[in-house]
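Have a look at the structure below, then the notes.
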């Protein structure tokens with residue numbers, strides 16, 4: 001295997017062990033959109049299943065957002081080549097989010113909410129106790145800046161997140177891996193990465209934050225790594241608190 005593979009595999013292993021992402025007997029819904037992140041997350045979960053001292057089951061799920069194209073067929077055939085069945089659903093979430101039905105200023109919020117709600121429903125109906133999502137390190141950093149700049153709070157996505165008082169959990173195996181490495185490795189592994197068909201791709205608040213961060217990375221190449229460390233190196237005594245005035 002290539003050096004890149006070993007590097008990514010090591011970071012995924014660190015996330016799995018540090019955050020206890022996998023347990024014996026897990027039945028994991030793997031959300032596969034067709035992007036490099038979700039395809040690689042599925043690939044590595046299968047890879048780790050072969051060598052892990054535990055047994056767990058993968059249930060790939062693809063939600064088609066309703067845009068034109070034969071993406072669902074490509075994803076079904078690809079997952080079928082692994083010997084797995086893929087639960088496919090055709091929705092109008094993307095179309096509805098770009099129509100007059102949506103009263104929000106951005107289609108992304110409604111689309112994300114509908115997609116997430118359906119994944120939660122499927123997690124229960126398919127008998128799964130975990131959902132694996134393909135969010136990567138850059139997603140975590142961008143979410144931190146979005147929440148700070150637009151919601152006024154210091155928070156981000158986490159590698160392991162319990163939902164509804166432990167009813168099930170969200171896991172993010174790629175949480176410590178940079179987006180650029182994921183894209184390069186997906187190409188090396190010849191995964192059938194599908195371009196995002198959404199007409200709003202590249203026009204969101206997240207894209208604005210991506211652009212802002214890229215300027216920072218260009219000035220300071222160590223910034224991404226330092227931000228990652230800062231997300232787990234919090235010094236509350238040097239933050240403003242909410243203590244009432246005497």
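Derivation of every value follows stated rules applied to the coordinates shown; laboratory data play no part. Since the model is a prediction, treat every value here as computed from it, not as a measurement. Methodologically, a virtual Cβ is constructed for each residue, glycine included, from the backbone with ideal geometry; neighbour enumeration extends over all protein chains shown.
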Among 235, 76, 115, the residue with the largest mean-square fluctuation in a Gaussian network model of the chain built from Cα contacts under 10 Å is 235
Candidates for Rg/Rh (Cα atoms, Kirkwood Rh) are [x] 0.97; [y] 0.93; [z] 1.10, and the calculated one carries label [x]
Counting only DSSP beta bridges fully inside the stretch 3-238, the antiparallel percentage to nearest 5 is 20 percent
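First measure r as the distance between the Cβ atoms of residue 77 and residue 118, then evaluate 1/(1 + (r/R0)^6) with R0 = 22 Å and state the FRET efficiency to the nearest 0.05. Kindly include the intermediate steps, with their values, before the conclusion.
Working: r = 23 Å, r/R0 = 1.03.
With a Förster radius of 22 Å, E is 0.45.
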Taking Cα pairs closer than 8 Å and at least 6 residues apart, the relative contact order of the stretch 3-238 in percent is 25 percent
